[in-house]
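One structure is given here, and the rest of the page talks about it.
The values are calculated or read from the model by the stated rules, or taken from the named source; none is laboratory data. All of these numbers come straight from a predicted model, not from anything done at the bench. Using ideal geometry, Cβ is built from the backbone for each residue, glycine included, and neighbour counts are taken over all protein chains shown. Each accessible area value is taken on the protein alone, full model and side chains, heavy atoms only, with ligands, DNA and RNA left out. Shrake-Rupley method; radii C 1.70, N 1.55, O 1.52, S 1.80 Å.
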Amino acid sequence: MSDILSPLRERIVVVGAGMVAHRFLESLLTRTDADLDVTLIGEEGRHPYDRVGLTGFFGGRGDDELTLDPVHIDTDPRVRFLPGDPVRRIDRAERQVVTQSGEVVGYDRLVLATGSYAARLAVDGFSLPGCFVYRTLGDVAGLQAFVETRSRELGRPLTGHVIGGGLLGLEAAGALQQLGVEATVVQSSDRLMSAQLDLPAGTALARLIEARGIRVRTGALTTLLTPDRSGSVAALEFRDGSHAAADVVVFTVGVRPRDELARSAGLTCDPRGGVVIDERCDTDDPAVMAIGEVASFGGMAVGLVAPGYAMAEVAATRILGGEATFDGYDLSTKLKLTGVDVASFGDAFAETPGALDVVYADPAAGVYKKLVLSDDAKTLLGGILVGDASAYGSLRPLLGTALGADPAAFLLPEGGVELPGGDLPDEAIVCSCSAVTAGRIRHAVHEEGCTDAGGVKACTKAGATCGSCVVAVGKIVGRELGKMGKTVSHALCEHFDLSRRQLFDAVRVSGLTTFSAVIERFGRGRGCDVCKPALASILAVLTGTHVLDGENATLQDTNDHVMANMQKDGTYSVVPRMPGGEVTPDGLITIGEIARDFALYTKITGGQRVDMFGARLEQLPDIWRRLVDAGFESGHAYGKSLRTVKSCVGSTWCRYGVLDSVGMAVRLELRYRGLRAPHKLKLGVSGCARECAEARSKDVGVIATEKGWNMYVGGNGGYSPRHAELLAEGLDDDGLITAIDRYFMYYIRTADRLQRTAPWIQELEGGLDELRAVIFDDSLGICADLDAAMAGHVEGYEDEWAATLADPEKLRRFESFVNAPTTPDPSLAYVAERGQVRPATEDERRSEAVLIASTTLAVRR
Amino acid sequence: MSAVTATRTWVRICAIGDLEVERGRAALHGDVQVALFLLRDGTVHAVSNRDPYSSAQVISRGIVGTKGDAPTVASPMYKQVFDLRTGSCLEAHGKDPRPLQVWPVARRGDDIYLRWEE
Ligand code: SRM
Ligand SMILES: Cc1cc2nc3c(=O)[nH]c(=O)nc-3n(C[C@H](O)[C@H](O)[C@H](O)COP(=O)(O)OP(=O)(O)OC[C@H]3O[C@@H](n4cnc5c(N)ncnc54)[C@H](O)[C@@H]3O)c2cc1C
Ligand code: SF4
Ligand code: FES
C-alpha cells in the first residue's frame, strides 16, 4: 500500500444505441459520479429513440419528439457517442471492438444491446420496391415517402397488405390506414395475435379491426410477390392460388435477435437466436454482457421493451458493484391501436395443468373476456381481454394471487375490481408507501384489536406516509369488524358521536352558528384537528361567513388557517384564481413581477394555473395586496372547496370544437368559487369528444356534443383514479348549471368527511339512477332547498383575500412573531436550482456553503 | 444539585391581549421560536414552535383541542398531537413519539412571561 495508483477509469463499451442501451446509460450515469469512460456505438445515425412509439411518426411525432432524453449522451463528459458507425467485429482476446469506419475501441466491459432485426418472408419478390419492414425510423420514413410518390404516380389511393397479424402487424396496418392506404392484414394462422389470443378472442379482435376499416385475411400463406412494369410490387399470390393487388407491402413476420457479432466472436448463442445470458446478464465471457432483445435468457429471446429495461438495470447495478438478477420475462401485452382494446397476460392459454377458464362474451358489443384460474377456481393465472380491457390494470397485479370473489364479477361490463363484498387477497398491497398488505391489516384487526384506520396506522404504518390509502384501509377494517359481528362506528372523532352527515343535519336544523355552541350541544371537549375543520366546512356552507371570522379562525386546517398552502419548510404557496385556465398577458406579467419581487419559486400547476412557492407568513398580505390590486382573487388552492375548472380551448379557436368550453369553464368556476365541501371539487370542460380537458377525471366532467353538454360525475385522479360516469346528455347551458348546483349541494349535505364525489357516488344507495331521480325528478323533494342553498352561496361570495386585507384584526394573524411582527423566520434557508430557489436539505444546511438565508432574498418593489 | 447553575430569568414576551383564544402565536427570543397558546380557561402555554417531525417552525399554526382531559395542539404539518402542558406526543401517527420542549409561563397583570434558562 505504499504507492498510490490513480484509479484506472473503467472503459465500458455499449454496442447498439437503442432503447435498452439508453436505459442502461441513464441508470449507470445517474447512479454514480465515478469517473467512467463510456463509449456508445450506434448503427442508426441518430440518438436512441422511442421505438415503441414509432407509429406516432405518422401522427406527426417527428424525430425530435421520439428521441429519448439525450441529456446524458450530449452533456455527460464521461460519454462518447459514435452514431452511424456500426461495430463490425469484437476482438475478445484484445478486448476491443472495431467499427465500420475502422475505429478501434478498447473495453474492460462490453455491453451488447444490438436489439433485433425485422424478418421478411423468404419468398420471391420480398425485396421489390414497395416492400418494407417496420422497425426503425428509417423504415417508417421510407414507407411514408414511398406511399406519397407512388399514389401520386398512380393517381389513386393505394392498396396495402401487411403480412403478419401479430401486435406489430396490427399497428402497421393502422399506420397504413393513417397514410390513406386501404389496408389488409394477412395472417397465416387461423387468428390474429395467435401468440397471445385463443381462437374466439382472435375472432372477436378481427371483427373489431374490420369495424375500423382494416380488412383481415386469416389462414392465408403468401407464396409470391410480383411486380408491375415499373418494377414495384403489384400483387401477392397465396398458397391456395388466389391473388390480391398490393401497391405496398409491410412485413411484420417476427424479429430475429442481432447476435451476428456475438456469434462470430465465439460467444454462446441460442440455436433459435440470441446471445445466451445468465440471470446476471453475463454471457459466457465475464467481460461481456448482453441486454435487451439480443439476449436470450432461459431459452427465449423476447421482443418487448420491459424485460430489456429490467436487464439494463441489472447490468448497470452489477457494473457499479451491486447485486441484481433478472427474474425472467413477463409476456403480458396490451395492444396500442386506438379504438381497439386487447390485452393478454399470464397463462392466457390455460396451459397450467387443471386450469379452469371463465369466459364472458358479448359478440354484439365485440367483447370477449376470459380469465384463467387454478383448478380450485381461486388463483388468477392469466387472462385475455378483447373489446374492453379496462380491467387489465387491476387484474395484472393480482396474477398468482387469490381473486377473493366470484371471478365472473371481474368480467362484467364496468365491473372494475372494487367488487361488492369482494375481499382483496391477503397478499395485495394496500399501502404502497409502507408495503402493508390486506392480510397484515386484517391481522391488526383480528389479533391486535384495531378498530379503525387510525389504530391500524399506529400498528402497521399503513396510511402513515402519504395518507392516500386511508380510505381503503378503513374499508377493510369495516369489513373485518362486520365479519366479527361488531358494528363500525361512524363517529367523527372522540368529540362527536355523529357522522359528518348527521352533524350537517344537526347544525342545519338547530341553526347554531358557532363551534362552541355546536360542541356544547352535540359533542364534548374542545374538539381536535378532525372535527374542527369538518365543522368549519359545514358552517361555511350554512352560514357563509369568512374563514377567519372570530372563532371560525380557530377551526381551520393547516392551509385554510392562513388561506395559503403550507410547504415543507413552513412557508406557503400562493395560487391566484385563473378561471378556466384563462389568463391575460398582462395578468401573467403581473404575476411574474410579484414572484420576482418576492423571490418566489414559480411553477405551472396540474390545474392550469401558476403557483408561487416560498412565501413567508408575514409576506402573504403584501403579496395578496398586489395580486388583488391587479384584479386577481384567491384560487382556494388551500380549501376543501372548488379548486379549478380545467378547460380546453374549445370552439372559439379549435377547429374541432363544438361549444365554447372556455366560456363555460369560466362561468362554472366563477359560480362555484369559494364553495366549501367535504373534500375538494374539480371540474373539467372539453369542447368536443376528443376530451383534451380530461374532464372525465374530475368530480364533474362536461363534454360538448352537437346536441349540447354531456355531464359526467364522480371522476377522480389521485390515489384511486376513476372515470366519471354519464349522468345526463344534451343539456343546454342553464340545464347544465342547475344539474351541477343540485349535484354539488346534495353531495355537500350527505357525504362523509374527506370523501370525494367518486367514493360518495360509489356508496350512494341506488347509484346513478337514484342520483338522477334526486336531481332531475326531485324524488326527495329537496331540489328547491338545494337550489336556494346554491343561490345563497353565489350571492354571498366575496373574495376571502380581499376581505382579509380590508380587516386589520385578521391581518394581525399574519405577523410572524407576536413580539417581532415583521421579522422573518430565522430558520429558513434556500439553495438555487435551475435559476430559482428551493428549501435547503438537511445536508445542505449542515454544509452551509450554498445557503441563501430567507432574509437575504431582498424584496424589490 | 449540579455544579453548573444555569441562570434562570423571566422574560416578558407579550401582552395577554396579543393572544387569541385557541389560536396560537409564535414568539421569538434570541434565535429560539416559541409557540404560545391561550386557552378558554385563560391559561397560557408555551411550547417549542419547532415541529420535531418536519423541523419546520410551525407548531403555533396548529389546531388547538383536547384529547381526553389534555389540552392539545396538532402540528399543521403531519398532524402529530402534543399535550400543551407537558409537550409529550399523544398521537404520533405511526412514528416514534417525539416531545416538544415546554417553558413555564407566568402572567403578571396583562404581561406574559416565560422562564428562560441560559
Ligand atoms: C400544486 C399542485 C401540484 C402541481 O405543482 O401541479 C398540487 C399540490 C398538492 N396537492 Fe394535488 N396538486 C395539484 C393538482 C392535483 C391534481 C391534478 C388536477 O387537479 O387536475 C390531482 C389529481 C386530480 C384529482 O384531484 O382527482 C391532485 C391530487 C391530489 C390528491 C389526491 C386526491 C384524491 O382524491 O386521491 C391530494 C391529497 C388530498 O387531497 O387528500 C393532493 C394534495 C395536494 C397538496 C395539497 C398536498 C398538501 O397537503 O400539501 C399539495 C399542495 C398544494 C400547494 O400548492 O402547496 N392532490 N392534485 C397542483 C395544484 C393544482 C391547482 O392549480 O390547484
Ligand atoms: C413499431 C413497434 C412497436 C413496438 N411496440 C412495443 C410495445 O408496445 N411494447 C413493447 O414492449 N415493445 C414494443 N416494441 C418492441 C421494442 O421496441 C423493443 O423491444 C425494444 O426497442 C428493444 O430494445 P433494444 O435496445 O434491445 O433494441 P433496439 O431498440 O432495436 O436497439 C438496438 C440498436 O442497436 C443497433 N445495432 C444493431 N447492431 C449494431 C452494431 N453491430 N453496431 C452498432 N449498433 C448496432 C440497431 O441499429 C438499433 O438501433 C415495438 C417495436 C416496434 C418496431
Ligand atoms: S376537446 Fe375538442 S375543442 Fe377542445 S381542444 Fe380538443 S379538439 Fe379542440
Ligand atoms: S401512506 Fe399508504 S399509500 Fe401512502
Considering amide H positions built from the backbone, and no H for Pro or chain starts, which residues 5 or more places from A:Cys269, or on another chain, come under 5 Å of its amide H?
A:Val276
Can you give me the three principal axis dimensions of the stretch A:4-67 from its C-alpha atoms, in Å, biggest first?
58, 23, 15
Derived scalar couplings ³J(HN,Hα) [the stretch A:219-224; Karplus, 6.51 cos²θ - 1.76 cosθ + 1.60; whole Hz; x for Gly, Pro]
x, 10, 9, 7, 10, 7
Search the structure for amide H atoms under 5 Å from the amide H of B:Glu20, placed 1.01 Å from N in the peptide plane, and list their residues when 5 or more places away or on another chain.
B:Leu38
Please give the per residue accessible area of chain A, computed with a probe of 1.4 Å over protein heavy atoms only, in Å².
43
Where a ≥ b ≥ c are the square roots of the eigenvalues of the C-alpha gyration tensor, would you call the stretch A:1-139 rounded, which needs a/c under 1.5, or, failing that, prolate if a/b is larger than b/c, or oblate?
oblate
How many angstrom lie between the Cα centre of the stretch A:195-222 and the Cα centre of the stretch A:84-116?
43
Give the ranking of A:Tyr117, B:Tyr53, A:Tyr49 by solvent-accessible surface, highest area first, calculated with a 1.4 Å probe.
A:Tyr117, B:Tyr53, A:Tyr49
Counting only protein chains, not ligands or nucleic acids, how are B:Arg115, A:Arg521, A:Arg655 ordered by accessible area (probe 1.4 Å), most first?
A:Arg655, A:Arg521, B:Arg115
Specify the inter-centroid distance of the stretch B:20-81 and the stretch A:651-708, based on alpha-carbon positions, in whole Å.
42
Solvent-accessible area per residue for the stretch B:8-117 at a 1.4 Å probe radius, Å²?
41
Counting only protein chains, not ligands or nucleic acids, how are A:Thr333, B:Thr7 ordered by accessible area (probe 1.4 Å), most first?
B:Thr7, A:Thr333
Mind giving me the nanometre distance, one decimal, between the label points for A:Arg239 and A:Glu691, set 7 Å out from Cα along Cα→Cβ?
4.3
Log entry, pair A-B: total buried accessible area, probe 1.4 Å, protein chains only, in Å² rounded to 100, is 3300
Can you tell me which lysines have their Cα less than 16 Å from the Cα of A:Lys483? Leave out same-chain residues fewer than eight positions away.
A:Lys475
Return the sequence-ordered ³J(HN,Hα) values of the stretch A:676-683 in whole Hz as given by the Karplus equation 6.51 cos²θ - 1.76 cosθ + 1.60 applied to θ = phi - 60°, using x for Gly and Pro.
7, 8, x, 8, 6, 10, 9, 10
In whole angstrom, how long is each semi-axis of the equivalent ellipsoid of chain A, when you take the square root of 5 times every eigenvalue of its Cα gyration tensor and sort them from largest down?
54, 36, 30
Computed P(r) (all Cα pairs; the stretch B:8-117; 10 Å bins; percent)
16, 51, 29, 4, 0
Can you tally the net charge around A:Glu351? Count Lys and Arg as +1, Asp and Glu as -1, for every other residue whose Cβ sits under 12 Å from the Cβ of A:Glu351.
-3
I'd like the accessible area for A:Val147: 1.4 Å probe, protein heavy atoms, all chains in place, Å² to the nearest 10.
10
Carbon and sulfur atoms: what percent of the 1.4 Å accessible area of the stretch B:8-117 do they account for?
45
Given H placed on each backbone N at 1.01 Å, which residues far from A:Val216 in sequence or on other chains put an amide H within less than 5 Å of it?
A:Val185
Beyond 20 Å (Cα-Cα) in this structure, taken from A:Lys532/B:Lys79; A:Lys640/A:Lys682; A:Lys461/A:Lys680, we find A:Lys461/A:Lys680
Whole-Hz ³J(HN,Hα) for each residue in the stretch A:257-265, computed from phi via Karplus 6.51 cos²θ - 1.76 cosθ + 1.60 with θ = phi - 60°, x for glycine and proline: what do you get?
x, 8, 9, 4, 4, 5, 4, 6, 8
To the nearest 10 Å², what's A:Asp732's accessible area with a 1.4 Å probe?
100
Under 8 Å for C-alpha pairs, at least 6 residues apart: give me the relative contact order for chain A, rounded to a whole percent.
6
How much accessible surface area, in Å² rounded to 10, belongs to the heavy atoms of A:Tyr746 with a 1.4 Å probe?
30
Extension length gain for A:Trp653 and A:Arg263 (0.36 nm per residue less Cα distance), in nm, is 134.5 nm
Averaged over the residues of B:56-62, the number of partner chain Cβ atoms within 10 Å of each residue's own Cβ comes to 6
When Lys and Arg each count +1 and Asp and Glu each count -1, what net charge do the other residues less than 9 Å away from B:Gly62, Cβ to Cβ, add up to?
0
Surface share of carbon and sulfur [accessible, 1.4 angstrom probe, percent] for chain A
51
Within the P(r) computed for the stretch A:497-561, what percentage of the Cα pairs occupies the region above 13 Å?
57
Extension reserve of the A:Glu795-A:Arg152 stretch, reckoned as 0.36 nm per residue once the Cα distance is removed:
225.1 nm
